[in-house]
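This report concerns only the one structure given below.
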Amino acid sequence: QAIHIINGPNLNLLGSREPEIYGSQTLADIETICRDAAGDIDIVFKQSNIEGELVDFIQMAGRDAQAIVLNPAAYTHTSIALYDAIKAVGIPTIEIHLSQPAARESFRRRSFVSEAATGTISGFGADSYLLGLQAAIKLVKASP
Ligand code: DQA
C-alpha cells in the first residue's frame with residue numbers, strides 16, 4: 001500500500017520561508033517525520049513549483065497509490081486543474097496546510113482543492129502533515 005504526499009510551490013523553501021508563518025522545519029525534515037510515521041505503508045514524497053507537474057503527480061498517485069496527502073500551496077486558491085485532477089483520480093485526497101488560510105488574507109479563503117478533497121487539515125504547522133497522513137492511513141487501511 002502506498003500514499004503519495006504532494007507539495008506545491010515554494011514549499012521547497014520551508015525552513016527559511018516566512019518561518020513565523022510556516023515554522024522552521026524544512027521539507028526534508030517533514031518528509032522524515034512522515035516516513036517515520038507511515039509504518040508499513042510506502043511513502044512517495046514530491047514537490048514541484050509547476051502546476052502541470054502537480055497534475056502529473058496526482059495522476060501518478062491515481063495509478064500507484066491508495067490515497068494522496070496534498071499541500072497545494074498557492075495553487076489551492078487558483079487551480080481548477082488540480083481540482084479536476086483530484087476528481088479524475090477518485091482516490092481519497094487529504095488537503096493540508098501548515099498555516100490556517102482562513103485566518104489570513106482574504107484571497108486565501110477560497111480553496112478550489114477543498115471542493116474536491118475528502119477533508120482538510122490546516123493550521124497545525126508541520127503537524128498538519130502528520131495529522132493528514134494519519135487520516136489517509138485510516139482510509140487506506142479501511143478500504144479492501
Ligand atoms: C499553504 C497556505 C497557502 O495559502 C500558501 O499559498 C502556501 C502554503 C500552507 O501550507 O499553509 O504556499 O498551503
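Annotations
- Residue list for segment 9-34, filter: touching a Gly at 6+ places or on another chain (Cβ under 8 Å) and within 12 Å of Ala73 (Cβ to Cβ): Leu14, Tyr22, Leu27
- Count of segment 2-33 residues, restricted to those that are away from the ligand (no atom under 13 Å from the Cβ), surrounded by fewer than 19 Cβ atoms within 10 Å (Cβ to Cβ), of a type outside the set (Val, Ile, Thr) and at negative phi, is 6.
- The residues of segment 44-81 that are over 14 Å from the mean Cα position of the chain (by Cα), within 15 Å of the ligand (Cβ to nearest atom) and aliphatic (A, V, I, L, M) amount to a single one, Ile50.
- Among residues of segment 89-112 that are in contact (Cβ under 8 Å) with a residue 40 or more places away in the chain, those with a beta-carbon under 6 Å from a residue that is near the ligand (Cβ under 10 Å from one of its atoms) and in a loop (DSSP other than H, G, I, E, B) at least six positions away or on a different chain give the pairs Leu98/Gly125.
- Screening Asp40 against (1) under 30 Å from Pro144 (Cβ atoms); (2) surrounded by 15 or more Cβ atoms within 10 Å (Cβ to Cβ) leaves a single unmet condition, (2).
- Leading residue by the ranking (surrounded by the most Cβ atoms within 10 Å (Cβ to Cβ)) among those in segment 44-75 that are of a type in the set (Val, Ile, Thr) and touching a Leu at 6+ places or on another chain (Cβ under 8 Å): Val69
- Residue check, Thr118 within 16 Å of the ligand (Cβ to nearest atom) and of a type in the set (S, T, N, Q): no
- Scanning segment 82-103 for residues that are of a type in the set (Val, Ile, Thr) and within 16 Å of the ligand (Cβ to nearest atom) turns up Ile86, Thr93, Ile94, Ile96.
Read-outs throughout are calculated quantities, based only on the coordinates presented, and are distinct from any laboratory measurement. Here the structure is a predicted model, which means the values were calculated and not measured. We place every Cβ from the backbone using ideal geometry, glycine too, and count neighbours over all the protein chains shown.
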